[in-house]
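Here is the structure we will look at, set down as structure tokens.
The values are calculated or read from the model by the stated rules, or taken from the named source; none is laboratory data. What you are looking at is a predicted structure, and each value in this text was computed from that prediction instead of being measured. Cβ atoms come from the backbone with ideal geometry, glycine included; neighbour counts cover every protein chain shown. What goes into the accessible areas is simple: the full protein's heavy atoms, side chains included, and nothing from ligands, DNA or RNA. Shrake-Rupley method; radii C 1.70, N 1.55, O 1.52, S 1.80 Å.
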Amino acid sequence: MVAGSGDGVFLGIDIGTSSSKGVLVTPRGEILARVSRPHETSYPHPGWVEHDAETVWWQDFLAIARELMSAAGDRRPAGLAVSGIGPVLLPADAGGRPLRPAILYGVDTRAEREIAELTAELGAESIVDRAGTPLSSQAVGPKWRWLARHEPDVFARTRLFLMASSFLVHRLTGEYVLDHHSASQCDPMYDLRAARWASDWSARVAPGIELPRLIWPIEVAGTVTASAAWETGLPRGLPVTAGTVDAWAEATSVGVWNPGDTMVMYGTTMFLIQVLADPRPHPGLWTTRGVFDGTYSLAAGMATSGAITSWLRDLVGRDFNDLLRRAGDVPAGSRGLLLLPYFAGERTPLFDPEARGIIAGLTTNHGLGELYRAILEGIAYGVRHNLEIMHASGGRAKRLVAVGGGTRGGLWTQIVSDVTGEKQQVPAETIGAALGDAVLAAIATGAEPEVAVWNPVSTTVRPDPARSAVYEEFYPRYRALYPATADIAHFLAAQQKVADEGP
């Protein structure tokens with residue numbers, strides 16, 4: 001235990017896709033300050049999604065750290081943890097200076113050719129068995145090969161492989177580390193069961209690159225150096241944990257720690273994490289190491305969820321409260337509408353980037369309320385589909401915890417419970433990964449945070465039997481709609497790609 005950590009405060013800072021957030025928390029879980037800072041994401045070419053690490057990650061961190069330290073006053077910081085989007089690929093030189101913008105996670109689809117190549121070379125079944133997850137746009141390995149092929153000068157100068165969290169840790173402490181969970185998302189470079197880099201496969205996809213030392217998210221990676229203290233305002237010697245990927249930090253913030261605990265994140269995309277006691281790889285899911293040594297996780301992610309609700313809001317010029325009110329007046333089943341929420345392809349369990357959104361059953365009698373409710377129902381069917389795949393792989397959701405901005409208002413969470421037949425706990429705090437970072441920092445420095453105190457359950461959403469009965473009729477039709485229309489969707493996706501590329 002760090003001397004006196006029981007009297008100190010903990011800092012958590014998270015780098016997200018569209019914003020960064022930070023919190024300052026007492027050992028009793030009282031949030032003294034919270035900070036949010038929006039930033040830009042770059043889309044330089046179709047299928048490319050990037051962040052500039054210096055102007056986005058580091059500048060956000062500096063601004064948030066200084067504001068939190070100002071709020072701390074006379075309270076002494078006892079620990080810091082950081083998290084961030086992942087998995088991402090940031091090539092850097094020996095001093096940790098970025099050589100190009102970071103290539104982001106599954107939303108960046110540039111490495112389709114390399115995904116197919118590596119899958120053929122290593123074997124799809126072998127990849128799932130050893131690394132836990134089939135190669136997709138989420139995987140880091142194909143992006144390494146893309147970098148070597150398309151930017152050989154950058155690849156030749158690369159000495160360090162960093163993600164958002166490890167970039168900040170390196171900048172703060174000088175330590176070149178990565179947490180086991182983040183590494184387990186670097187398919188096919190990590191051996192899931194052995195909990196180490198798969199050196200033979202890593203050498204194939206990133207030859208000559210020295211990979212970071214692996215530690216667990218709750219381990220102290222190092223302490224803030226004198227130069228970092230001068231630049232950030234943080235105290236010299238402050239313990240900094242390894243941190244992890246943002247979604248897993250958020251799961252930590254709501255006590256999703258034990259086998260069967262499952263987080264359902266309502267955001268721009270829907271994301272699910274279920275804790276396992278042992279690995280259960282499935283070709284339709286992501287299987288990773290957990291935040292804590294000895295745990296694993298099944299993860300699922302829909303490509304679009306809240307993004308579709310925002311699309312409709314912007315299209316019709318109405319606010320969410322109006323749309324929610326209209327949808328709340330519509331009965332279950334949206335008066336005969338059925339929607340496939342694949343507006344940007346689909347991740348799990350389809351792994352089909354060419355899937356497309358479909359609205360079936362439209363008539364001139366349908367209005368905004370029916371359409372908005374059909375969107376929420378379509379996403380809920382996608383959640384059920386993923387939960388069923390988790391169950392088929394051997395995982396079982398014993399406790400569902402709902403997080404994210406989409407939990408506000410209550411209608412979306414109610415529809416998901418009605419569709420899945422599962423109750424959901426909604427925590428008091430939905431600030432997300434930054435609070436989870438503070439929990440990690442507290443654990444790493446010897447404190448024993450009680451999540452039931454830090455972030456208690458405020459509401460439990462229970463399924464309504466009458467509405468659930470309606471959705472039992474709709475769900476098999478939802479499942480049948482994708483295979484029945486996939487060829488048409490793929491044709492349309494090809495036409496859209498031609499149109500995006502232009503003459």
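The distance from the alpha carbon centre of the range 261-299 to that of the range 459-503 is 23 Å, rounded to a whole number. Placing 196, 347 in order of accessible area, with the largest value first and a 1.4 Å probe, yields 196, 347. Please list log₁₀ I(q)/I(0) at q = 0.14, 0.17, 0.35 Å⁻¹ for the range 381-421, using the Debye equation with identical point scatterers on the alpha-carbon positions. Log10 I(q)/I(0), no solvent term: -0.34, -0.49, -1.22. Measuring nothing but how far apart in sequence close Cα pairs (under 8 Å, 6+ apart) lie, relative to its length, the range 163-206 scores a relative contact order of 22 percent.
Packing order of peptides 28-39, 352-363, 370-381, 179-190, highest average first: 179-190, 370-381, 352-363, 28-39 (average count of other Cβ atoms within 10 Å over each peptide's residues).
Candidates 494, 439, 465 compared by Cα position along the dipole of the range 383-503: farthest toward the positive end lies 465, with charges placed on Cβ. Gyration tensor analysis over the Cα atoms of the range 395-489 returns equivalent ellipsoid semi-axes of 35, 17, 12 Å (largest first, whole Å). Note on the chain: with charges restricted to the Cβ of Lys and Arg (+1) and Asp and Glu (-1), its dipole about the Cα centre is near 440 debye. Working note: Debye formula, equal point scatterers on the alpha-carbon atoms of the chain, no solvent; log10 I(q)/I(0) at q = 0.08, 0.09, 0.14 Å⁻¹ is -0.48, -0.61, -1.46.
Based on the Cα atoms of the range 313-384, what semi-axes does the equivalent ellipsoid have, where each is the square root of 5 times one gyration tensor eigenvalue, given in whole Å with the largest first? Don't skip to the end; give the middle numbers.
Values: eigenvalues 99, 35, 27 Å².
Output for the range 313-384: semi-axes of 22, 13, 12 Å.
Within the same chain, lysines fewer than 8 places from residue 398 are excluded, and of the rest, those with a Cα less than 17 Å from its Cα are 423.
What fraction of the DSSP beta bridges in the chain is antiparallel, stated in percent and rounded to the nearest 5? Bridges in the chain are about 70 percent antiparallel. Distance between the C-alpha centers of the range 162-241 and the range 123-142? Whole Å please. The distance from the Cα centre of the range 162-241 to that of the range 123-142 comes to 21 Å. Calculated on C-alpha atoms, the gyration radius of the range 449-499 divided by its Kirkwood radius gives an Rg/Rh of 1.35.
Report, in deg cm²/dmol and to the nearest 500, the calculated mean residue ellipticity at 222 nm for the chain, where each DSSP H run with n ≥ 4 adds -39500 (n - 2.57) and the sum is divided by the residue count. Mind showing how you got there, number by number?
On the way: 17 runs with 193 residues, N = 503.
That comes out to -11500 deg cm²/dmol.
In a simple Cβ point-charge model (Lys, Arg +1; Asp, Glu -1; nothing else charged), the range 41-110 has a dipole of about 160 debye relative to its Cα centre.
Pair-distance distribution P(r) for the range 83-145, from all Cα-Cα distances in 10 Å bins starting at 0: 22, 46, 26, 6 percent.
Of 143, 398, which has the most accessible area with a 1.4 Å probe, and how do the rest follow in descending order?
Working: 143 5, 398 155 Å².
In descending accessible area the options line up as 398, 143.
Contact order, relative form, for the chain: 16 percent (alpha carbon pairs under 8 Å, 6 or more residues apart, mean separation divided by residue count).
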